[in-house]
Amino acid sequence: MSTPLTDSEVKSALEKLPGWRANGKAIERKFEFKDFKDAMAFANRVAMIAEEANHHPDIEISYNKLKLSLISHDSGGLTSRDVKMAARINEIAG
């Protein structure tokens, strides 16, 4: 189990993660796509890297809009695992 990041560590991490913002103890990012098919294709790409990392975001999909939330539930807050996953998601988002 990882140790939750401090508020200043979260703030510093978010400065390096374009599009992500704090939401309670989690971080989240919203995406908008041309259509449902593109939103689902992106969700599937995220699922693949999440499986590789064994760290899974909460995913909400509403037609062409997708929201990802990351939190380390077992640690009770945001950890370095979440920051790494957010960075990885940003890489595939382009």
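No lab work stands behind these numbers, since they all come straight from the coordinates. These figures come from a predicted structure and were not determined experimentally. Cβ placement follows ideal geometry from the backbone for every residue including glycine, while neighbour counts extend to all protein chains displayed.
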Hits in segment 33-48 - residues which are among the charged types (D, E, K, R) and surrounded by 14 or more Cβ atoms within 10 Å (Cβ to Cβ): Asp38
Qualifying strands (runs of 3 or more DSSP E) (wholly inside segment 21-94; at least 2 residues being touching a Leu at 6+ places or on another chain (Cβ under 6 Å)): 26-32
Number of the condition not met by Ser62 [criteria: (1) farther than 22 Å from Val10 by Cβ; (2) in contact (Cβ under 8 Å) with a residue 60 or more places away in the chain; (3) not aromatic (Phe, Trp, Tyr)]: (2)
Segment 1-13 residues that are in contact (Cβ under 8 Å) with a residue 40 or more places away in the chain, paired with ones that are of a type in the set (Asp, Glu) (beta carbon under 6 Å, 6 or more apart): Met1/Asp74
Residue list for segment 73-94, filter: in contact (Cβ under 8 Å) with a residue 24 or more places away in the chain and farther than 16 Å from Trp20 by Cα: Asp74, Ser75, Gly76
Verdict on Arg29 being more than 19 Å from Thr3 (Cβ to Cβ), buried (at least 17 other Cβ atoms within 10 Å of the Cβ), among the charged types (D, E, K, R) and within 9 Å of the chain's Cα centre (by Cα): yes
Cβ pairs under 8 Å, 6+ apart, first in segment 25-45 and free of Cβ contacts under 8 Å to residues at least 60 places away in the same chain and among the charged types (D, E, K, R), second surrounded by fewer than 14 Cβ atoms within 10 Å (Cβ to Cβ) and in a strand (DSSP E or B): Glu28/Arg21; Lys30/Lys65; Glu32/Lys65
